[in-house]
Amino acid sequence: MFAKFASAVALALSVLSSGVSAAALPIENTDLVARGSRSFDNYGGFSSMNNFDNFYGSNNFDNSHFSSSSITVVKQEQELVCHSESITIIQQRLLVLQEMAKRIITEQVCEVETQTIVFEQFHSSLHGFSRDLRRFSGRDVGYDSNIASHFSNFYNSDGSLSTSDFGFSGSDLGHSYVVASGNNWGRNSQVSVDNAYSAARSVVTHF
């Protein structure tokens with residue numbers, strides 16, 4: 001059931017976040033501009049920032065160095081095939097994930113500086129999946145089933161947020177990679193996905 005939900009999330013993101021048209025190429029080029037590197041370990045002297053760099057690795061703030069070579073596609077006993085659901089159903093679930101991210105950050109981080117940095121890391125890391133969907137990264141579009149399986153461990157029995165260590169780091173991402181078949185990618189999809197991305201980006205407001 002979780003695999004079906006995760007594949008539905010991936011399909012929804014492909015609708016909401018896809019593509020770059022010729023007119024939008026400057027946006028993509030801007031995405032690729034090197035932003036430099038720095039350490040955030042113990043940033044500001046906050047204990048909550050201890051070992052921050054260890055999660056994805058030094059100079060890899062948002063896991064932008066995640067590559068195809070680090071992916072191990074796992075063979076499923078039964079082929080995973082995406083199933084299109086109502087867009088409202090998909091939007092509801094993505095909004096739940098959004099609000100869960102807010103809850104984790106606001107309930108389990110007290111320093112506002114750390115809240116800001118860890119959210120920017122999370123927000124920026126999602127861009128990698130956007131590049132997967134647009135077929136710019138060279139990676140198959142999928143997700144890590146082992147990491148995704150921890151979704152059910154978010155809560156304690158009393159409904160409070162779990163504080164247990166799930167036992168993985170960002171460098172483990174891709175070691176149990178699952179790719180769903182059944183999407184409609186075809187000969188002309190690059191153009192249509194580029195146009196979909198441009199349409200979505202044209203109404204995004206940044207402050």
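The values are calculated or read from the model by the stated rules, or taken from the named source; none is laboratory data. Everything numeric here is computed off the predicted structure, so don't read it as measured data. In this analysis, Cβ positions are derived from the backbone assuming ideal geometry, glycine residues included, and neighbour counts consider all displayed protein chains. For the accessible areas, the whole protein counts, side chains as well, though only heavy atoms, and no ligand, DNA or RNA atoms are used. Shrake-Rupley method; radii C 1.70, N 1.55, O 1.52, S 1.80 Å.
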Name the residues whose placed amide hydrogens come within less than 5 Å of the amide hydrogen of Y143, ignoring near sequence neighbours (fewer than 5 apart) on the same chain. V178
Enumerate the calculated ³J(HN,Hα) couplings along the range 94-100 in order (Karplus 6.51 cos²θ - 1.76 cosθ + 1.60, θ = phi - 60°), each rounded to whole Hz, writing x wherever the residue is Gly or Pro. 5, 5, 4, 4, 4, 6, 5
Over the range 129-178, with the other protein chains present, what is the accessible area per residue in square angstrom, probe 1.4 angstrom? 51 Å²
Counting other C-beta atoms within 10 Å, and keeping those with at most 15, which DSSP coil trypsin sites (Lys or Arg not before Pro) do you find in the range 123-207? R187
Pairwise centroid distance, computed over Cα atoms, of the range 55-74 with the range 133-207, Å: 14 Å
Karplus-derived HN-Hα couplings along the range 117-122 (A = 6.51, B = -1.76, C = 1.60, θ = phi - 60°), whole Hz, x at Gly and Pro: 5, 5, 5, 5, 5, 4
Rounded if a/c is under 1.5, else prolate if a/b is larger than b/c, else oblate: which is the range 40-129, with a ≥ b ≥ c the root eigenvalues of its Cα gyration tensor? oblate
For R134, distant residues with modelled amide H under 5 Å away: G19
Which whole-Hz couplings ³J(HN,Hα) result when phi for each residue of the range 176-182 is put into the Karplus expression 6.51 cos²θ - 1.76 cosθ + 1.60, θ = phi - 60°, listed in order with x for Gly and Pro? 10, 7, 10, 10, 8, 9, x
Which residues' amide hydrogens lie under 5 Å from the amide hydrogen of F46, considering only partners 5 or more residues apart or on another chain, with H built in the peptide plane? none
Which loop-located trypsin sites (Lys or Arg not before Pro) does the range 36-118 contain, where loop means any DSSP state but H, G, I, E or B and the Cβ has at most 13 other Cβ atoms within 10 Å? R38, K75
